[in-house]
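Single-structure report; data block below.
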Amino acid sequence: GKNEYDLLVIGGGSGGLACAKEAAQFGRKVAVLDYVEPSPQGTKWGLGGTCVNVGCIPKKLMHQAALLGSALKDAQHYGWNIAQPVHHTWSVMAQAVQNYVKSLNWGHRVQLQDKKVKYFNMKGSFSDPHTIRGLTKAGKETVVTAENIVIATGGRPKYPTHIAGALEYGITSDDLFWLKESPGKTPLVYYPFILHLYGIIAYISLTDASPDVSLECAGFLTGLGLDTTVMMRSIPLRGFDQYFFPPTQQQMASLVTEHMESYGTKFLKKCFPIKVEKLESNRLQVTWKNTDLGTEETDSFNTVMWAVGRAPDTEALNLETVGVKTNSETGKIIVDASEATSVPHIFAVGDITEGRPELTPTAIAAGKLLARRLFGQSAELMDYENVPTTVFTPLEYGCVGLSEEAAVQCYGSDNVEVYHAYYKPLEFTVAERDATQCYIKMVCLREREQRILGLHFIGPNAGEVIQGFALGIKCGATYPQLMKTIGIHPTCAEEITKLHITKRSGLDATVTGC
């Protein structure tokens, strides 16, 4: 009648591993089940979850590869003699990135072993509330029992299966980072986009997708010299700041895509794909509908990539058997503030949970705090407010706190003050780079001390900039406090400490810098 483990974690991603390792430090008997179902194209990977294998890590490294290409162009303005033309070899980059990812896979295995956490490379499903049936790739079954169970299986990319040829011929982010050869002309489709890269087209659906993934992939593919097209059905970066600000009448998120267009990425706006067909040349012919013109159009690509959202990986878990409730629309697991599901001893963390940010750091923090509450006599809950994030597009977009729309909804337009400015990074001057889209927006309460509700920054190294300001905003920083902060000169972050023009003033919001 005694359960074999104090804690069993299903899912070896960021949140699950963090929870398991933390629990083991309290001397508890812990096990982790993890299994990667190959993508429809056959791609598979090791321990570590989406972030390590097909998300943050390979994406940031390929983003860096593209930035280096841009730096080579800038270098000539600074006196460096660069032989032309400059070529990029995908296979060399891919091998280096994949080798690093594999080293992280191995590192996680070693850490589990060092902490005496039992690792099962098996697909798990519930037999009863305390029992998990594990199945290996070879079909071998193992039964594991645990006092507490944490579900951390994350999500996988969706395929628009209603589109003919989508599943047969398309790839997703699960495949892109593991391609050994260049994807060529690629269209990225995301139901607001198609990524068309020297033969690649990607379709991204902004209605229910993680739109940042599509733009990030389109950005680094363009930067690597590939002819890339993004097909968009609606608006870019849904969920980020979309508020129109006078006098420019442009959206914050639109600045990102405008820069990408000037950078070379093509956009098919208000279009959606109808079918994908394979030609005798092995190229893929995509047919789409242009909703503005009411016409059907076609083009051929080497690769079609779908970025139409992610689905929680719960299908094999058999949750209904044990009574774990999910959101009928999203399929995600419903949890309370303590990450508990509808079954008291079954918990869930990370992307699998309803209403939580799909971000690695939040999953890690939630997993650690859960382990401390279960075994370390802690009562601390995860705080999901003011979580910073960044979209790693060619010109990065970082933000923390509320968007302007959300602030207006919460406090009313009369109680919200917005400070904003365009600026030009010093690095852009000698290189003669266009800084039209470099922009800062700060959303504050108008009353009392003007507490900062949100900060939005478009420019180089946005992630590094926002990470620092996130601490201040988390601690309740106010606009007057920020104005008393001395900036580090000359930096892009310094411009945030000089914001003094409000949207209500109607003045030119351009900062000339030095």
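For the reader, a short list of remarks on this structure follows.
- The chain, accessible surface, carbon-and-sulfur percent (1.4 angstrom probe): 51 percent
- Segment Glu296-Gln64, length gained on full extension (0.36 nm per residue, minus Cα span): 79.8 nm
- Under 14 Å from a label point set 7 Å out along the Cα-to-Cβ vector of Gln111, the amide N atoms of segment 34-56 belong to 47-53.
- Counting Lys and Arg as +1 and Asp and Glu as -1 over every other residue whose Cβ lies under 10 Å from the Cβ of Thr362, the net charge comes to -2.
- Ranked by how many other beta carbons lie within 10 Å on average, peptides 81-88, 22-29 from highest: 22-29, 81-88
- Electrostatic tally near Met231: other residues with Cβ closer than 11 Å to its Cβ, Lys and Arg +1, Asp and Glu -1, net +3.
- Note on Leu135/Tyr411: beta-carbon distance plugged into 1/(1 + (r/R0)^6) with R0 of 51 Å gives a FRET efficiency of 0.50.
- In nm, spacing of pseudo-spin labels at Asp434 and Glu277 (7 Å Cα→C-beta vector): 3.6 nm
- For segment 363-476, the equivalent ellipsoid derived from the Cα gyration tensor has semi-axes of 31, 21, 10 Å, listed largest first.
- Of the peptides 131-139, 483-491, the order by per-residue mean of other Cβ atoms within 10 Å, starting with the highest, comes out as 131-139, 483-491.
- The simple spin-label model puts a point 7 Å past each Cα toward its Cβ; for Ser91 and Asn327 those points are separated by 4.4 nm.
- For the chain, the per residue solvent-accessible surface stands at 45 Å², with DNA, RNA and ligands left out and a 1.4 Å probe.
- Taking label points 7 Å from Cα along the Cα-to-Cβ direction, Glu385 and Ser103 give a separation of 4.1 nm.
- Charge tally around Thr287: other residues with Cβ under 12 Å, Lys/Arg +1 each, Asp/Glu -1 each, net -2.
- Net length available on complete extension from Lys180 to Arg446 is 90.4 nm, with 0.36 nm assigned per residue and the Cα-Cα distance removed.
- Percent antiparallel among DSSP beta bridges (both partners in the chain, rounded to 5): 60 percent
- Extension gain for Glu464 to Lys73 (0.36 nm times residue separation, less C-alpha to C-alpha distance): 138.4 nm.
The values are calculated or read from the model by the stated rules, or taken from the named source; none is laboratory data. Just so it is clear, the structure is predicted and the values come from calculations on it, not from any experiment. When we count neighbours, we look across all protein chains shown, and the Cβ atoms used for this are built from the backbone with ideal geometry, even at glycine. For accessibility, only protein heavy atoms count, side chains too; no ligands or nucleic acids. Shrake-Rupley method; radii C 1.70, N 1.55, O 1.52, S 1.80 Å.
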